[in-house]
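The values are calculated or read from the model by the stated rules, or taken from the named source; none is laboratory data. Quick caveat, the model's predicted, so the values are computed rather than measured. Using ideal geometry, Cβ is built from the backbone for each residue, glycine included, and neighbour counts are taken over all protein chains shown. The accessibility values were calculated without ligands, DNA or RNA, using every heavy atom of the protein model including side chains. Shrake-Rupley method; radii C 1.70, N 1.55, O 1.52, S 1.80 Å.
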Amino acid sequence: MRRLGTAAARIVALTLALSPALALWPAACRNAGKGTMPQPGDTDTRPYLLETVGEFAVARLYADGFEDLDRRERVLAFYLYRAALAGRDIFYDQMGRDVLEIRDLLEEILTHPQGGDPQFRDRLLRYLKLFWINNGNHNDRTRRKFVPEFSFDELTAAAGAAGNAGAHIRLAIGETLPQKLARLRPAIFDPDVDPLSTCKTPPPGQDILTCSSVNFHEGLALADLQGFKEKNPLNSRLVKRDGRVVEEVYRAGRREVPPGRYARELTTVVGFLEKARVYADETQSAILGHLIDHFATGLPEAFRAYNIAWVGQDSPVDAVIGFIETYKDPRGQKGAYAGIVHFVDPRMTRLQKDLARLAQHFEDQAPWDDRFKRRGFNIPIANAVNVLIATGDSGPMPPIGINLPNEEEIRERYGNKSVALVNVMDSNNRAVHAKVVEEFFLPEDRPLVQRYGAAVDLLQTTMHEVLGHASGKVADSLTGDPRDHLREYYSALEEARAELIALHNFFDPKLIEIGALPSVEAAEAACRDYATNDLYMLRRVRQGDVLEDDHMRATHLIVSYLREAAAVEFIQRDGRTYARVRDIAAMRRGVAELLKTLQRIKGEGDYAAARDLTERYAVRIDPALRDEIVARADRAGIPSYVAFVMPDVVPVRDVNGEIQDVRLAHTSDLATQMLKYSGKFPLEEPAPTPR
């Protein structure tokens, strides 16, 4: 990646211009906090909420305990961090054919402000912050396009001024800057051009491919894929050439294997993984070797070998790097690039381990038919972890829990690995949770939720990942993966199934016995919290009446079903709508019924039933209710989302440039960190002196 010159004065001046948050918060002292869910009497006074950008909060992510790793593990983490970051641009490109080019153009203008209009620059920075948070110009969850507050003429003038100031604005062969800007104008400014990045409920006359702007397919309609068999369903892009569908495989290339799409980026990823292997133990080095083979050759067999080996190792420092989740693909087949590096938090991991050891117990208690029950569970590897970096499909708004691999056959035969991202949960709760409870929960429910919210959040995430995704089995007669049968409906139903596993098991006495829950009251708090979640999540859907995000569809499916079953109701008080659990026993019965249905649909690969259930309960919302919720959230200052500024992972080098150690710094704000990641600022800066 190209980097700016390292003239200190220029970097300091630009950093100060981009970083109002740094002037507002004192420098954070290392080891000042516990790195756990906020509890009454918590004395952590470090800054968490840094700024708000529209409906997004930006919070600081701390990774306490990194210094407790040994030196070898810290250096291993650094090279994994660089490997994860090296593929970041892949995800931008996957999100739209013009997305990476637009980001580069706007960053060049931002970092060459000489002679530009300061008011335009403020609007440009606001738009870029939204662009960085969402990895493009579509909202990450609603999939809807957003446009800038500045005009095309203002952009043209600023681009010309930036070019005169030395900006390196990339042009196609024979293209002029005005021609480039005219070419990109519709993609940036016209809300009706590519209005949805992922569209699973197409308007009349379109299908799920033609109404989606993601770059997993080009020039294809759904009918073009009839009878086409993909060799690389996760790691390829489909295009039409000479009337034929062709797979462009993502691979770096090796010897007899020619380079493929994203070869440059994947070659860099491979290089850092090779460096990481030097600091890994023998087993982890072999696992990384399988991942390197996959990135080099693109072969699904190499990725399968990697997953089988990976689920068997419990490492203090670990990573999820590759083409993993398929939520962004309207067909639910193509993997989006993601990179997460994390390390185990031993203080928070006991809950995960205890639940994992009881996996067979919870499977035996599942409400579905015996033919879908797993026997002889491979105990999942489960940990509470602190995230060092989450990029690509996972950042800067990472998940709070992960369960992998996604392949059903590997899960059933070899096991799975689950992590709860506790520093993400911690920072998110500190930034927004109290306001959400005050505004959206019934007054009589607030004390319960405030008392048990932290315990419930962590436990629900753990059960969702450790027990939920890992549970159940498919029918012996089903051929292939259930994902291939349920297609565009699979992800939403699988998320709902995992959520229901957590809700179903909250009242199991084992949870109190092992200390995972303090009382039955906490289980009731979880039910009331979940019912209300379907209400306050509507603040994120500011246009239309269709949910496109699979996680939001999952929540809406469950609560809509429970409302129909008369277990949950929406009521009015003082002109405000609240969710109320009418009957805990009825809610438990409804959860069990729906869970049994979803497991049967998955186990049999019943596409028609998946479609009918999704369309009936999961897709449509009430726009009038949404408008009320949005207005209430805005008045109360409640953001719709929380994005995170990650720790800066800083190598300590000797005079020859060799890495001697690695430490963390927490000095970047959102803009500074994103410009570092893009190569517009130097990535490595000296760590601040501990104090």
Check: Fully extended, how many nm does the chain gain between Arg582 and Arg347 (0.36 nm per residue separation, minus their Cα-Cα distance)?
Finding: 80.9 nm
Next item on the list: Set Lys and Arg Cβ to +1 and Asp and Glu Cβ to -1, take the dipole of the stretch 138-286 about its Cα centre, and tell me which of Asn139, Ser212, Ala182 lies farthest positive.
Entry: Ser212
Margin query: List the residues, sorted by chain then number, that are 5 or more residues from His217 or on another chain and whose placed amide H is less than 5 Å from its amide H.
Written below: Leu238
Notebook entry, point to check: At a Förster distance of 41 Å, what's the computed FRET efficiency of Gln572 paired with Arg255, Cβ-Cβ distance as r, to 0.05?
Noted result: 0.05
Notebook entry, point to check: Remind me, relative contact order of the stretch 566-691 in percent, using alpha carbon pairs under 8 angstrom and six or more residues apart?
Noted result: 13 percent
Notebook entry, point to check: What residues qualify as long-range amide H neighbours of Asp140, i.e. H under 5 Å apart, gap of 5 or more or another chain, H built at 1.01 Å from N?
Noted result: none
Item checked: Cα→Cβ-extended label distance, 7 Å offset, between Glu658 and Lys229, nm -> 5.3 nm
Notebook entry, point to check: At a Förster radius of 51 Å, what calculated FRET efficiency corresponds to the Cβ-Cβ distance of Glu67 and Ile379, to the nearest 0.05?
Noted result: 0.95
Notebook entry, point to check: With contacts defined as alpha carbon pairs under 8 Å and 6 or more residues apart, what's the relative contact order of the stretch 300-359 in percent?
Noted result: 27 percent
Checklist line | Under Karplus coefficients 6.51, -1.76 and 1.60, residue-wise ³J(HN,Hα) of the stretch 175-180 in Hz, glycine/proline x | finding: 9, 9, 4, x, 5, 4
Item checked: HN-Hα J in Hz across the stretch 424-439 - Karplus 6.51, -1.76, 1.60, θ = phi - 60°, x for Gly and Pro -> 5, 4, 4, 5, 4, 5, 5, 7, 9, 4, 4, 5, 4, 4, 5, 8
Item checked: C-alpha long axis of helix 520-536 to longest principal axis of the chain, angle in ° -> 50 degrees
Note to self: What whole-number distance in Å separates the alpha-carbon centres of the stretch 581-609 and the stretch 544-574?
What the structure shows: 15 Å
Margin query: Helix 584-604 against the longest principal axis of the chain: what's the angle in degrees, Cα atoms only, rounded to the nearest 10?
Written below: 70 degrees
Checklist line | Karplus-derived 3J(HN,Hα), 6.51/-1.76/1.60, for each residue of the stretch 618-633, Hz, glycine and proline x | finding: 9, 9, 8, 10, 8, x, 5, 5, 4, 4, 4, 5, 4, 4, 5, 5
Next item on the list: If a/c stays under 1.5 just call it rounded; otherwise compare a/b with b/c (prolate if a/b is bigger, oblate if not). Do that for the stretch 423-575, with a ≥ b ≥ c from the square roots of the Cα gyration tensor eigenvalues.
Entry: oblate
Check: Under the definition of Cα pairs under 8 Å and six or more residues apart, what whole-number percent is the relative contact order of the chain?
Finding: 18 percent
Margin query: Nearest 10 degrees is fine. How inclined is helix 300-310 to the longest principal axis of the chain, computing both from alpha carbons?
Written below: 70 degrees
Check: Can you list the residues, at least 5 places off or on another chain, whose amide H is less than 5 Å from the amide H of Glu51, using H built in the peptide plane?
Finding: Val58
Margin query: Tell me which trypsin sites (Lys or Arg not before Pro) from the stretch 207-243 have a DSSP coil assignment and no more than 16 other beta carbons within 10 Å of their own.
Written below: Lys229, Lys231
Note to self: Out of the total accessible area of the stretch 477-526 (probe 1.4 Å, heavy atoms of protein only), what percent is carbon and sulfur?
What the structure shows: 50 percent
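Hey, any idea what % of the stretch 282-348's accessible area is carbon plus sulfur with a 1.4 Å probe?
The C+S portion of the solvent-accessible surface of the stretch 282-348 is 59 percent.
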Margin query: Please state the shape class of the stretch 544-641: rounded when a/c is under 1.5, otherwise prolate if a/b exceeds b/c and oblate if not, all from the C-alpha gyration tensor.
Written below: oblate
